[in-house]
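Report on the structure given below.
The values are calculated or read from the model by the stated rules, or taken from the named source; none is laboratory data. Since this is a predicted model, take the numbers as computed values, not measurements. Note that each Cβ is placed from the backbone with ideal geometry, even for glycine, and that neighbours are counted across all protein chains shown. Heavy atoms of the whole protein, side chains included, go into the accessibility calculation; ligands, DNA and RNA do not. Shrake-Rupley method; radii C 1.70, N 1.55, O 1.52, S 1.80 Å.
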Amino acid sequence: MNGIERITGRIQADTQTEIDRRLDAARASADRVLSDYRARAESESKTLTEKNEKAAAAREERLVSMAHMEARKTLLAARQEMLERAYTRALDILCAMPEKEYISALADLISQAASTGREEVLFNAKDRKTIGEKTVGAANAKTGMKLKLSKDTANIRGGFVLRDQNTEVNGSFETLVRLQKNQTAGDVAKLLFPSENSNQAANAKKS
């Protein structure tokens, strides 16, 4: 697979509306937190005497700082949730590829993962029945290997497992997406949240 391009290309347009909606809700929640803390700070300031103006100002500053921290946490949690949803969506899309594309992708991945060329290939029960023979045949045709379709099945949503004696290579889509997430989460976040990154850059320039 083409890593970040394959994942983000399939999920960005599909999830952008949901991302915008959830981030708008998070921003609104953050604004309410700020408003509540400011109102609380103003109320406490009014109850203090003029002799305690410095204490009142310090208290207000602390409350406002706390409000900004809560607001940032709210937005961060929303972004993290949407990032998780994006990779979950990527897995769903990969597992639901059209048969021809699915076989081609699996054959490429199996060809790259095989080391001896004599491994058994395990699929989930559904894939073994429907595309198992075609996929193994396609992988062998690409490389001249002698891979075999295993009689066993793997408890995976999509992808494959290669088995050779006591060695196994996990090429399940769950594993591939998890590895991609570890490598590309930062770049995917930049693509999914361009407006947030623009705001951060603008704030950095101001400071």
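A compact table of results
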item: Test: residue in region 66-75 that is modelled with pLDDT of 90 or more and crowded, with 19+ Cβ neighbours inside 10 Å; result: no
item: Selection from region 160-181 of residues that are closer than 23 Å to ALA96 by Cβ and of a type in the set (S, T, N, Q); result: ASN170, SER172, THR175, GLN180
item: Boolean, GLY117 is assigned to a loop (DSSP other than H, G, I, E, B) and without any contact (Cβ under 8 Å) to a residue 60 or more places away in the chain; result: yes
item: Every pair of residues 6+ apart whose Cβ atoms lie under 8 Å, when the first sits in region 93-111 and is open to solvent by 20 Å² or more (accessible area, probe 1.4 Å) while the second is of a type in the set (Asp, Glu); result: ILE93/ASP14
item: Output for region 125-169, where each listed residue is open to solvent by 80 Å² or more (accessible area, probe 1.4 Å), without any contact (Cβ under 8 Å) to a residue 60 or more places away in the chain and part of a loop (DSSP other than H, G, I, E, B); result: LYS146, ASN155, GLN165, ASN166
item: Residue in region 93-108 that is at pLDDT 90 or above and among the hydroxyl-bearing types (Ser, Thr, Tyr) present; result: yes
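Condition check ((1) over 14 Å from LEU192 (Cβ atoms); (2) open to solvent by less than 60 Å² (accessible area, probe 1.4 Å); (3) at pLDDT 80 or above; (4) not in a helix (DSSP H, G or I)) across all residues:
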position: GLN12; (1), (2), (3), (4): no, no, no, no
position: ASP20; (1), (2), (3), (4): no, no, no, no
position: ARG32; (1), (2), (3), (4): yes, no, no, no
position: ASP36; (1), (2), (3), (4): yes, no, no, no
position: ALA39; (1), (2), (3), (4): yes, yes, no, no
position: GLU53; (1), (2), (3), (4): yes, no, no, no
position: ALA56; (1), (2), (3), (4): yes, yes, no, no
position: GLN80; (1), (2), (3), (4): no, no, yes, no
position: LEU91; (1), (2), (3), (4): yes, yes, yes, no
